[in-house]
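One structure below.
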Amino acid sequence: MKKIISIMALAVLMLVLVGCSYEPAVKTSAQNYKPSPNPREESKAEAVSSAEQYWKFVSLKTDDDKEIFGKYYKADDNVTGYDSNVIVILLHMLDKDHSSWDKFAEQLYDLGYSVIAIDLRGHGKSAESTGSWQDFSEKDFNDMTLDVKEAKEFGLHEKKTRFVIIGASIGANTALNYAAKDKEILGVALLSPGMDYRGLEIENTALSYGQRPILLAASEEDTYSADAVKELNSKIFGKKKIVMFKDAGHGTDMFKGTELDKELLNWLKEVIT
């Protein structure tokens with residue numbers, strides 16, 4: 001019996017030794033071998049804004065039965081130091097849509113503001129209901145104020161009570177024309193306004209806007225808008241802020257390479273406090 005056990009133990013020991021020294025043969029083929037690609041250059045990825053968790057698309061119905069598309073950022077109640085009753089309405093340039101405001105809208109949201117950026121009639125997804133702006137009459141362009149009115153109504157539905165409008169180019173004219181009629185608008189910021197865009201004249205509305213806060217911004221080489229800012233400056237007697245850039249472009253294009261966002265945010269803070 002002892003002899004059998006000894007033989008078995010010896011056999012086990014030999015198997016262990018063989019297993020430890022075993023190294024499988026690996027066959028490679030130079031023809032099939034593909035080297036790993038070169039590592040990608042490290043780049044600093046842009047941080048994903050927390051706004052992506054809180055925005056949603058909305059559909060609004062205007063007084064003239066048009067469907068207007070918008071992107072709504074609902075303020076985070078956990079952000080302190082800002083008035084949660086404020087909503088900022090953003091109006092884009094001609095032939096653009098709400099997406100031209102995306103980066104700035106996220107900045108506003110991150111600071112505690114609710115925001116709605118709409119596709120004005122004739123633009124973006126709103127064109128599915130209203131037709132293309134390229135076929136618009138002057139009346140159609142002037143009716144854009146109905147889109148702004150509905151954006152404000154949406155804000156009221158969301159229990160917002162304080163409203164500020166920021167518009168670019170034709171959106172700037174639309175912002176002023178609407179705000180002149182609605183005294184509940186606390187202030188407007190006009191990026192590259194024009195005294196007359198597609199029949200949207202603002203000389204008379206500038207006079208009737210009153211003494212509410214207003215920011216006027218343009219780039220010097222954009223002479224039509226720069227001249228409009230100067231003329232508006234002479235017609236509006238309220239609390240004004242004039243921002244002029246050089247070689248910055250038109251409307252929301254001025255965000256690139258300038259501190260327009262900081263100018264707007266500082267102005268907005270003054271308006272609501």
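The values are calculated or read from the model by the stated rules, or taken from the named source; none is laboratory data. This is a predicted model, so every value here is computed, not measured. Don't worry about glycine lacking a Cβ; one is built from the backbone with ideal geometry, like all the others, and counts go over all protein chains shown.
Is there a residue being more than 25 Å from the chain's Cα centre (by Cα) and closer than 29 Å to LEU111 by Cα anywhere in the range 241-264?
no
Can you tell me how many residues in the range 228-258 are without any contact (Cβ under 8 Å) to a residue 24 or more places away in the chain, acidic (Asp, Glu) and surrounded by fewer than 20 Cβ atoms within 10 Å (Cβ to Cβ)? Here the count works out to 0. Pairing residues of the range 50-76 that are farther than 15 Å from LYS152 by Cβ and at pLDDT 95 or above with residues that are in a helix (DSSP H, G or I) and among the β-branched types (Val, Ile, Thr), at Cβ distances under 9 Å and at least 6 apart in sequence or on separate chains, gives LYS66/THR130; GLU67/THR130.
For ARG162, indicate whether it is of a type in the set (Lys, Arg) and buried (at least 20 other Cβ atoms within 10 Å of the Cβ). Against the criterion (of a type in the set (Lys, Arg) and buried (at least 20 other Cβ atoms within 10 Å of the Cβ)), ARG162 does not qualify. Only residues that are under 15 Å from GLY238 (Cβ atoms) and at pLDDT below 95 were counted in the range 188-204, giving 0.
The criterion of at least 2 residues that are modelled with pLDDT of 95 or more and over 13 Å from the mean Cα position of the chain (by Cα) is met, among helices (runs of 4 or more DSSP H) falling completely within the range 89-187, by 127-130, 138-142, 144-157, 170-179.
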